[in-house]
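Here the structure is laid out as structure tokens; the discussion comes afterwards.
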Amino acid sequence: MSHGTNAAVMEAHWGGGAAPFGASWQKTMMWIFIVTDGLLFSGLLCAYGFLRMATEAPWPDRTKVFSIGFIAFMTFVLISSSATMGSAVTASKLGDRKKTTLFLLATIVGAFTFLGCQAYEWTEIIHHGARLTTNPWGAPQFGASFFILTGFHGSHVVSGATILIITLIRHLMGKTPAQGVEMAGLYWHFVDLVWVFIFTLFYLV
């Protein structure tokens, strides 16, 4: 392939136009948002790691603070909702409105199930005396780490559930194209992936 042909191909994929690398501007903006939000979560997790290493007081044994089986169930629910979201995106691309509706509903149910479990977890931890500045199991920084990490992620789950509900309503009204469902799916997959890192680094390691 000649240099001129290569240049033409690159120009077709990235010419500063409306669809860089064949992606719509909506998808491009969503990916930019996901990358920046991912960096924010990375910063929080790195700060947590530094705080834990720098703390002289013993870090609590998570198996004595949390029910790891319950947290694993929450993780399973969120991962399952990611699978139903992927099915909704596929169904919308195939033009199957009934399956798209069904899988969006299943994803929303998964989102609220996770939020309900997280609310129960917070209630139990607060009941045992954990606060942002205190922790009955050891290092006081543990409480702040828990509430900030899980709370910030929980706010993303709330916003994701809101986006899913709006997407479903607009889909039922015939106003959401397949790309709209895909955009909601990208955000939801990101929220699920972030939780996998929080579950691994905060609850297990």
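The values are calculated or read from the model by the stated rules, or taken from the named source; none is laboratory data. Values in this document were obtained by computation on a predicted structure and should not be read as measured data. Note: ideal-geometry Cβ built from the backbone for every residue, glycine included; neighbour counts use all protein chains shown.
Descriptive notes on the structure:
Okay, residues lined up against (1) touching a strand residue (DSSP E or B) at 6+ places or on another chain (Cβ under 6 Å); (2) β-branched (Val, Ile, Thr); (3) surrounded by 15 or more Cβ atoms within 10 Å (Cβ to Cβ):
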site: Val35; (1), (2), (3): no, yes, no
site: Leu39; (1), (2), (3): no, no, no
site: Cys46; (1), (2), (3): no, no, no
site: Pro60; (1), (2), (3): no, no, yes
site: Ser67; (1), (2), (3): no, no, no
site: Phe73; (1), (2), (3): no, no, no
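- The residues listed here are Thr150, Thr101, Thr90; of these, the one that is surrounded by 15 or more Cβ atoms within 10 Å (Cβ to Cβ) and free of Cβ contacts under 8 Å to residues at least 12 places away in the same chain is Thr90.
- Search result, residues across region 104-124 that are surrounded by 21 or more Cβ atoms within 10 Å (Cβ to Cβ) and either closer than 15 Å to Gly151 by Cα or not aliphatic (A, V, I, L, M) (or both): Thr107, Gly110, Ala111, Phe114
- Subset of region 173-188 (residues that are surrounded by 15 or more Cβ atoms within 10 Å (Cβ to Cβ) and not small (Gly, Ala, Ser)): Thr176, Val181, Glu182, Met183, Leu186, Tyr187, Trp188
To keep it simple, each residue is scored yes or no on (1) in contact (Cβ under 8 Å) with a residue 40 or more places away in the chain; (2) within 16 Å of Val77 (Cα to Cα); (3) crowded, with 17+ Cβ neighbours inside 10 Å.
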| site | (1), (2), (3) |
| --- | --- |
| Gly129 | no, no, no |
| Asn135 | yes, no, yes |
| Ser145 | yes, no, yes |
| Ile166 | no, no, no |
| His171 | yes, no, yes |
| Phe190 | yes, yes, yes |
| Trp195 | yes, yes, yes |
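Per-residue answers, yes or no, for (1) in a helix (DSSP H, G or I); (2) in contact with a Gly (Cβ under 7 Å, 6 or more places away or on another chain); (3) modelled with pLDDT of 95 or more:
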| residue | (1), (2), (3) |
| --- | --- |
| Ala83 | yes, no, yes |
| Ala91 | yes, no, yes |
| Lys99 | yes, no, yes |
| Ile108 | yes, no, yes |
| Gly116 | yes, no, yes |
| Arg131 | no, yes, no |
| Gly138 | no, no, no |
| Thr167 | yes, yes, yes |
